[in-house]
1. Within the range A:74-81, identify whether any single residue is at pLDDT 95 or above, under 20 Å from B:Tyr39 (Cβ atoms), open to solvent by less than 80 Å² (accessible area, probe 1.4 Å) and not in a strand (DSSP E or B), and answer yes or no.
2. Filter the range A:35-49 down to the residues that are within 10 Å of chain B (Cβ to nearest Cβ) and under 18 Å from A:Ser66 (Cβ atoms) and list them by number.
3. Does B:Gly53 satisfy the condition of being in a loop (DSSP other than H, G, I, E, B) and more than 11 Å from every other protein chain (Cβ to nearest Cβ)?
4. Taking the range A:1-51 as the region of interest, how many residues are polar (S, T, N, Q), outside any strand (DSSP E or B) and under 14 Å from the mean Cα position of the chain (by Cα)?
5. Please give the number of the condition A:Lys62 fails out of (1) buried (at least 20 other Cβ atoms within 10 Å of the Cβ); (2) away from every other protein chain (no Cβ under 14 Å).
6. Of these, B:Lys49, B:Lys58, which one is open to solvent by 50 Å² or more (accessible area, probe 1.4 Å), free of Cβ contacts under 8 Å to residues at least 24 places away in the same chain and within 30 Å of A:Thr111 (Cα to Cα)?
7. Take the conditions open to solvent by 20 Å² or more (accessible area, probe 1.4 Å), in a strand (DSSP E or B) and more than 11 Å from chain A (Cβ to nearest Cβ) and apply them to B:Glu66. Does it pass?
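The values are calculated or read from the model by the stated rules, or taken from the named source; none is laboratory data. Note that this is a predicted model, so its numbers are computed, not measured. Here the Cβ positions follow ideal geometry from the backbone for every residue, glycine too, while neighbour counts run over all protein chains shown. Each accessible area value is taken on the protein alone, full model and side chains, heavy atoms only, with ligands, DNA and RNA left out. Shrake-Rupley method; radii C 1.70, N 1.55, O 1.52, S 1.80 Å.
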Amino acid sequence: EAGVAQSPRYKIIEKRQSVAFWCNPISGHATLYWYQQILGQGPKLLIQFQNNGVVDDSQLPKDRFSAERLKGVDSTLKIQPAKLEDSAVYLCASSFERNSFNSPLHFGNGTRLTVT
Amino acid sequence: AQSVAQPEDQVNVAEGNPLTVKCTYSVSGNPYLFWYVQYPNRGLQFLLKYITGDNLVKGSYGFEAEFNKSQTSFHLKKPSALVSDSALYFCAVRDGTGQGGKLIFGQGTELSVKP
């Protein structure tokens, strides 16, 4: 099966600019996740979608970050305006959540964002 | 609140020797435990999980992990390390009760296997 697709792979922007990341999950996977991975740390969940509804966005900095999954398939994560501390790898993952606790996550290769 | 700790930032082993990557966790309910591996410039790959049942779980690439409820640990092991096992390893936990389900990751342990 095709894996989780993310684009772009790399992005360099200046602070206060905006940026968007795109993710296409594995076909049939109802649940989609966006994680932020800062260098030297484990991934931190930003937002979780079940189909096109938000399940958890408690750690999403909503003053600058937004995400949508309009048709319950692919998703876009946006940062506006970016700060230096947003430099990280943004990972998208999906899972087939017949049983939400059992299903492992399938990750894309991530987008490495550098904010200068 | 649930949490997971990986006490070692780096583990160094010689090829052919056994390896252990340590993980301890804290959850209020039943733990659902996972190990993932990350190669450079790649996303995380699922290795194995513990949900219930046998405390010794076998996974991909010859890895296994032992669940110890009394010590709240879930250490990753492999009997004979390969150079190609060198990567970043993450332990993760989900609280299996309530409306949680959020997967919390440890900070990662870098495994280096030398020839």
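1. No, the range A:74-81 has no match at all.
2. A:Tyr35, A:Lys44, A:Leu45, A:Gln48
3. Details: in a loop (DSSP other than H, G, I, E, B): yes; more than 11 Å from every other protein chain (Cβ to nearest Cβ): yes.
Considered against the rule, which asks whether it is in a loop (DSSP other than H, G, I, E, B) and more than 11 Å from every other protein chain (Cβ to nearest Cβ), B:Gly53 comes out as yes.
4. From the range A:1-51, those polar (S, T, N, Q) are A:6-7, A:17-18, A:24, A:27, A:31, A:36-37, A:41, A:48, A:50-51; that's our starting set.
Pick out the ones that are also outside any strand (DSSP E or B) and you get A:17-18, A:27, A:41, A:51.
Remaining after also requiring under 14 Å from the mean Cα position of the chain (by Cα): none.
Going through the range A:1-51 one residue at a time, the tally reaches 0.
5. Going through (1) buried (at least 20 other Cβ atoms within 10 Å of the Cβ); (2) away from every other protein chain (no Cβ under 14 Å) one by one, A:Lys62 breaks only (1).
6. On the way: B:Lys58 fails: within 30 Å of A:Thr111 (Cα to Cα).
Within the list B:Lys49, B:Lys58, the selection yields B:Lys49.
7. Values: open to solvent by 20 Å² or more (accessible area, probe 1.4 Å): yes; in a strand (DSSP E or B): yes; more than 11 Å from chain A (Cβ to nearest Cβ): yes.
Yes; evaluated as a whole, the condition is true for this residue.
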